[in-house]
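Down below is the structure, laid out as structure tokens.
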Amino acid sequence: MQCFEASARHLSFTRAADELSLTQSAVSKQVAQLESILEHPLFRRVRKRLQVTPEGSLYLTEVRKVLAQVEMSTRYMQSYGGQSEVLNVTTLPTFGARWLIPRLNGFRFRHPNVYLNISNRVEPFDLEEERVDVAFFFGHGVWPRAECVKLLDEEVVAVCAPSALPPEGVRTPLDMTGLVLLQNATRPEAWHDWFEAQGCYTPHSYHGPRFDTFYMAMQAARAGCGVALVPRFLAEEELQTGQLVIPWSFSLVSNSSYYLAYPEHKGEVSKVKGFIEWILEHLESPTQATGLQRPCVPATEDV
């Protein structure tokens, strides 16, 4: 697979051989054996140059996934040396950057043998299959084969740059339609729900530029591109500094909350238990422990 991937990238057995420290004939033979196993040609030889066949392009996509996983597993084992332990954590992008990371300062000193490996995940996944120890998510506190701990509720507000406000201000919720409504791809119903909660309806609630994350939507709002609906706690910094303002003082309390989840059989694993205790101690403030007691952890049902 490495010989095939390198050859496809360079479109040359010779350059692939140089990269892999092999001979040109060895690389060519490996690719030929792979073609024999697959019973499909992976390359065409055109005027002494290689061209990837349609079958080869399809296979190349899968091969690169496999090689990336092998590389990731190798790095994981390299970091898992001596007395050290890796704690795999996933989080929502903006939540991780704005809420989680400020609360990690100092964790390393209490748990010097635990190395955090933090990645962004938006779509649902299996904790066991992905080897994830702790996942932060937004929902109703249910994750298959996992224990969930509630962290905080969400209050959604509309924010925009001061320069985006109309001269006469915003006098009714429907005045907001005079601004560009910035949409969040993960919350397509957000503006519709915001207007509906105030007894209003507009056909424009789904119209506007769409962004993958709250961070991108807030950046667009800061740049004066329009008005965004975001959780207040994620925009607190910009609201305090005046980079963003709330044009209409209505907040919508979400029917979902932020949780952390961990595989049900890992509750007493030292690295997992220590991380959860740290998060709960710093739940309200990223710099000071609050002394909160650990809440009861409800068992969850499979979905």
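Computed from the coordinates by the stated procedures, all read-outs in this text should not be read as laboratory data. Computed from a predicted structure; not experimentally measured. So basically every Cβ, Gly included, is an ideal-geometry build from the backbone, and we count neighbours across all protein chains shown.
Quick notes on this structure:
- Exposure proxy shown here: for 216, 176, 72, the number of other Cβ atoms within 10 Å sets the order, fewest to most, as 72, 216, 176.
- As a rough footprinting exposure proxy, the listed residues 29, 266, 48, 65 were ranked by other beta carbons within 10 Å of their own, and the order from fewest upward is 48, 65, 29, 266.
- Amide H within-cut-off set for residue 250, under 5 Å, with H built and near neighbours excluded: 158
- Net length available on complete extension from residue 197 to residue 126 is 22.1 nm, with 0.36 nm assigned per residue and the Cα-Cα distance removed.
- Efficiency of FRET from Cβ geometry, residue 53 and residue 97, R₀ 41 Å, rounded to 0.05: 0.45
- Rounded to two decimals, the Cα radius of gyration of segment 101-217 over 2.2 N^0.38 Å is 1.44.
- The length gained by stretching the chain between residue 255 and residue 62 to full extension, at 0.36 nm per residue less their Cα-Cα distance, is 65.5 nm.
- Euclidean distance between Cα centres, segment 181-215 to segment 100-165, Å: 23
- The chain: calculated mean residue ellipticity at 222 nm from DSSP helix runs of at least 4, using -39500 (n - 2.57): -9500 deg cm²/dmol
- Two-decimal ratio, segment 155-253, of alpha-carbon radius of gyration to 2.2 N^0.38 Å: 0.95
- Degrees, to the nearest 10: 24-38 long Cα axis against longest axis of the chain: 70
- Using the Cβ-Cβ distance between residue 118 and residue 155 with R0 = 25 Å, the FRET efficiency computed as 1/(1 + (r/R0)^6) comes to roughly 0.45.
- Residues whose placed amide H lies under 5 Å from that of residue 116, excluding near-sequence neighbours: 87
- DSSP bridge orientation in segment 119-275 - percent antiparallel, rounded to nearest 5: 85
- Proxy reagent accessibility, fewest Cβ within 10 Å first, across 160, 200, 225, 148: 200, 225, 148, 160
- Looking at the chain, the DSSP beta bridges with both ends there are about 65 percent antiparallel.
- Over the chain, Cα pairs under 8 Å with separation of 6+ residues give a relative contact order of 22 percent.
- Residues whose placed amide H lies under 5 Å from that of residue 184, excluding near-sequence neighbours: 211
- With contacts taken as Cα pairs under 8 Å at a separation of at least 6 residues, segment 155-253 carries a relative contact order of 49 percent.
- Size of segment 2-79 as Cα extents on the principal axes (Å, biggest first): 46, 25, 19
- Extension gain, residue 75-residue 268: 0.36 nm per intervening residue step, less the Cα-Cα distance, totals 66.9 nm.
- Recomputing semi-axes √(5λ) of the Cα gyration tensor in Å from the coordinates shown identifies the correct label among (i) 45, 30, 18; (ii) 35, 22, 16; (iii) 49, 28, 18 as (i).
- In this rough spin-label picture, where each label sits 7 Å from Cα along the Cβ direction, the residue 285-residue 10 distance is 5.9 nm.
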